[in-house]
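Chemist: If you scroll down you'll find the structure; I have some questions about it.
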Amino acid sequence: SDLFPSHDMSAGQKKVSEALGQIQKISDSSDLYVDSRILAVILLQQEKRSKEALVYIEQAVVKKQSDPKLISMQASLFAEVGEISRATDAVKKLTELSPGQDKNFFMLGVYLDQADRKQEAEVAMRKAIEINPNNAAALNYLGYSLVERNENLLEAESLIRRALQQDKDNGYYLDSLAWLYYAKAIVTGK
C-alpha cells in the first residue's frame, strides 16, 4: 500500500520514477520537450543517476544542437560518468560556439588535463587567461601544472600570485604557492 513504501524503492525514488514516466510521454514535437529533458536531468542528478541523466540531455541536445547551456550540461555529465573524451569533445564544441567565454576554455583545459593531454590543456588554459587575465582558477591551474612538471617556475609563481591577487585566502591557491616553494627548495637545495 502507499502508506508503507516498499523497501526496494524510497518514496522519493517513486516520485522521481513517476515524474520520469510523465516526462517520457512528452513528444519531441512539443514546445516542452527540451525543458522536460532538462527537468529529467536535474531529477536524476539529485538521485546520483548520471548515466540515466545523460540519455535525457542527449535527447535535448539532438533537438537544440547549438544551445551552449545544454552542451555544457552534457559535458559535465560525460565527465561525471568518466567519459572524459566525450566531455572534451562537447566542450570543444562550446569553445567554437562561444569563443569569447574564458570558462569554456578553462573547462576544456581541465578535461584535457584529466585525459593526460597536458600540452593541449596548457594551450586551453592560456587561452582562458588571454580572454580573461583575471581568471583566478585558470591562473592557478596553469601555475600549479607548471610546478608539477617542474617547468618555468618563475612563470608559475607569477601565475599563482596573480590568482592570489583575485582571491587571497583561497586554500587551493595558497597550496599551489606552498608547492611552488617546495619545488624551488628542491631545485636550489635550500
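The values are calculated or read from the model by the stated rules, or taken from the named source; none is laboratory data. What you are looking at is a predicted structure, and each value in this text was computed from that prediction instead of being measured. Positions of Cβ are backbone-derived with ideal geometry, glycine not excepted, and every protein chain shown enters the neighbour counts. For the accessible areas, the whole protein counts, side chains as well, though only heavy atoms, and no ligand, DNA or RNA atoms are used. Shrake-Rupley method; radii C 1.70, N 1.55, O 1.52, S 1.80 Å.
Chemist: Quick test for you: out of 52, 58, pick the one residue that is open to solvent by 30 Å² or more (accessible area, probe 1.4 Å), in contact (Cβ under 8 Å) with a residue 12 or more places away in the chain and either over 27 Å from residue 132 (Cβ atoms) or of a type in the set (Asp, Glu) (or both).
Modeler: Going through 52, 58 in turn, just one is open to solvent by 30 Å² or more (accessible area, probe 1.4 Å), in contact (Cβ under 8 Å) with a residue 12 or more places away in the chain and either over 27 Å from residue 132 (Cβ atoms) or of a type in the set (Asp, Glu) (or both): 58.
Chemist: Tell me yes or no: at least one residue of the stretch 117-124 is under 16 Å from residue 143 (Cα atoms), part of a helix (DSSP H, G or I) and polar (S, T, N, Q).
Modeler: Scanning the stretch 117-124 turns up at least one residue that is under 16 Å from residue 143 (Cα atoms), part of a helix (DSSP H, G or I) and polar (S, T, N, Q).
Chemist: With open to solvent by 30 Å² or more (accessible area, probe 1.4 Å), more than 26 Å from residue 151 (Cα to Cα) and out of contact with any Asp or Glu (no Cβ under 6 Å at 6 or more places or on another chain) as the only criterion, which of 126, 86 stands out?
Modeler: 86
Chemist: Continuing with the same structure: For the stretch 146-190, name all the residues that are touching a residue at least 12 places away in the same chain (Cβ under 8 Å) and not in a helix (DSSP H, G or I).
Modeler: Of everything in the stretch 146-190, those that are touching a residue at least 12 places away in the same chain (Cβ under 8 Å) and not in a helix (DSSP H, G or I) turn out to be 149, 150, 167, 170.
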